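As structure tokens, the structure follows; a few thoughts come after it.
The values are calculated or read from the model by the stated rules, or taken from the named source; none is laboratory data. Just so you know, these numbers come straight off a predicted model, no measurement behind them. When we count neighbours, we look across all protein chains shown, and the Cβ atoms used for this are built from the backbone with ideal geometry, even at glycine.
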């Protein structure tokens, strides 16, 4: 074969390969961004595991953009720059989260609808900044589940050993204490028999129609009895209240007596002494009156002496009646002397004789 033809064929293959590589690079690389109308969106994450440049961004399973830059900020948050097709720009209530795109752990940014907002939903503008979330990685969940399963299996194994130990101890206890368990079973059987007899007695009691009738009548009268008891309790409460008031009044009366108790006792002792002395004097007076030789006895037992005393009293009364005018004249005379001492002289005596003083 001619070398020129061979070289031409190799050149055609190389050219075709370059054209195919260029087309693929144009379709899958950065060149589509030059012809696609895209907006920039900034998302802040606490962490961004597996997120790199060209990480796909999806919503409802549709590719709407890619990651153009990943930068670590000073506060250790991660700022991810997204290039989103303008016609697929997320809404204000959408949430951007990092999920696992495959079982190999590839990262994927996904916009999902958030909570229903109270305000009107709007489309995010170019160069807007939002906060994102990191979804749980299924592999991490499996790893945690593996640890939990290991712990659970260990716990089950330990529980199995404890059950085996308990069964072994129970077997030994049953073998070593067979007689005691036999006695326990006999006592249990006896207790069950007694319980059966008690239930039979209760059944016979309940089956008695006359007794049921009386119980029914008693239950019907129970509300009235309760009302009467309530009324009795209310009356007793009233009595207790009155007793409390009486005790309060009695306390108000006895408290001053308690404060003046010593003085009252002293006065009572004095009064008792005076009464005792008066009784003693009355006793002496009674003894004197009963003594016929005494003065009081003579007055009470001698009629002549009583008559003489009566006449003496009448004479004294007559003399006092006669002395009354003289005393009045003396009173008038002394009154005039007090007003005019010159009456005591001779001239006064003449005047007195002329005036006819009585």
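Residue-wise test of (1) at pLDDT 80 or above; (2) assigned by TED's automatic domain parsing to the domain that holds residue 312; (3) loosely packed, with under 10 Cβ neighbours inside 10 Å; (4) touching a helix residue (DSSP H, G or I) at 6+ places or on another chain (Cβ under 6 Å).
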{"site": "219", "(1), (2), (3), (4)": "no, no, yes, no"}
{"site": "236", "(1), (2), (3), (4)": "yes, no, no, no"}
{"site": "257", "(1), (2), (3), (4)": "no, no, yes, no"}
{"site": "268", "(1), (2), (3), (4)": "no, no, no, no"}
{"site": "273", "(1), (2), (3), (4)": "yes, no, no, no"}
{"site": "278", "(1), (2), (3), (4)": "yes, no, no, no"}
Selection from the range 69-87 of residues that are surrounded by 18 or more Cβ atoms within 10 Å (Cβ to Cβ) and either modelled with pLDDT under 90 or within 16 Å of residue 39 (Cα to Cα) (or both): 80, 82, 83, 84
Yes/no for residue 244 being over 60 Å from the mean Cα position of the chain (by Cα) and either at pLDDT 75 or above or within 30 Å of residue 309 (Cβ to Cβ) (or both): no
Flag if residue 322 is more than 60 Å from the chain's Cα centre (by Cα) and either outside any helix (DSSP H, G or I) or at pLDDT 70 or above (or both): yes
Every residue from the range 54-68 that is outside any strand (DSSP E or B) and surrounded by 11 or more Cβ atoms within 10 Å (Cβ to Cβ): 54, 55
Criterion: part of a loop (DSSP other than H, G, I, E, B) and either at pLDDT 85 or above or surrounded by fewer than 14 Cβ atoms within 10 Å (Cβ to Cβ) (or both) - qualifying residue of 158, 148, 125: 125
